[in-house]
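Everything on this sheet refers to the single structure shown next.
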Amino acid sequence: MDRDAEHAEHAEHADRADRADRAEHTGHAEDAERAELTRTLDAIGPRLRALRRERGLTLEALSQAAGISVSTLSRLESGKRRPTLELLIPLARTHRVALDQLVAAPVTGDARVHLKPRRRDGSILVPLTTYPGRVQVFKQVLAYREPKLVTHAGYEWLYVLAGELHLVIGERSLTLRPGEVAEFDTGEPHWFGPAEGEVVEILHLFGPHGDQAVVRTG
């Protein structure tokens with residue numbers, strides 16, 4: 001065998017070995033993805049059962065509210081029925097939770113809440129809840145901004161944590177200090193921001209459908 005032919009044969013062997021290695025690596029990656037998908041799907045049933053019980057619902061009550069048969073719900077919770085979007089969407093809507101809360105949850109044993117702050121024009125907003133259609137809770141650090149009255153549907157409840165909050169509702173103007181609370185219908189023209197140009201830190205509850213915070217005393 002001449003030298004050129006020998007080099008060509010070695011190159012061909014090396015190429016075949018490389019293709020085999022890539023195929024093996026791809027196969028392992030696909031197996032890992034399938035295993036992860038299986039674990040995710042298997043976890044949905046127990047999560048649905050826990051959520052239903054947390055809400056104090058029977059299978060019959062949930063069936064009526066979500067429009068899904070009792071037998072299908074039972075099979076979903078026991079893992080005998082694979083979850084689909086057609087089933088999960090009405091369940092998320094009924095429980096008033098985001099769809100991803102049914103599909104994924106924090107790693108077992110990790111009780112930490114992973115918050116995602118949003119920053120805009122020097123202000124920071126941290127959503128503390130992710131339930132669509134219900135009272136939404138935020139922690140906000142507000143930087144100075146030009147006053148501009150707005151109106152929209154809903155009800156707001158503001159609690160000052162640090163700094164001073166300047167609140168305008170219609171023709172009324174208020175200054176709130178740490179520990180003070182204000183609540184109002186957002187159908188009225190309103191604006192709020194830091195007083196005296198300083199930042200202010202607040203806890204902010206917003207009911208998109210006019211829901212109000214319920215305060216109970218012993």
Flag for E183 being closer than 17 Å to Y144 by Cβ and of a type in the set (D, E): no
Residue identified as under 15 Å from W157 (Cβ atoms) and among the small types (G, A, S) among A195, A182: A182
Cβ-Cβ under 7 Å pairs, at least 6 apart or on other chains, region 51-76 side free of Cβ contacts under 8 Å to residues at least 60 places away in the same chain, far side open to solvent by 70 Å² or more (accessible area, probe 1.4 Å) and not in a helix (DSSP H, G or I): T72/R81; R75/R81
Residue match in region 166-176 (condition: in a loop (DSSP other than H, G, I, E, B), closer than 26 Å to H95 by Cα and either touching a residue at least 40 places away in the same chain (Cβ under 8 Å) or open to solvent by 20 Å² or more (accessible area, probe 1.4 Å) (or both)): no
Helices (runs of 4 or more DSSP H) within region 38-133 that include 3 or more residues at pLDDT 80 or above: 59-66, 70-78, 85-95
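The values are calculated or read from the model by the stated rules, or taken from the named source; none is laboratory data. Only a predicted model underlies this, so the values are computations on that prediction, with no experimental measurement involved. Every residue, glycine among them, receives a Cβ derived from its backbone with ideal geometry; neighbour counts consider all protein chains shown. To get the accessible areas, we keep the full protein, side chains included, count just its heavy atoms, and leave off ligands, DNA and RNA. Shrake-Rupley method; radii C 1.70, N 1.55, O 1.52, S 1.80 Å.
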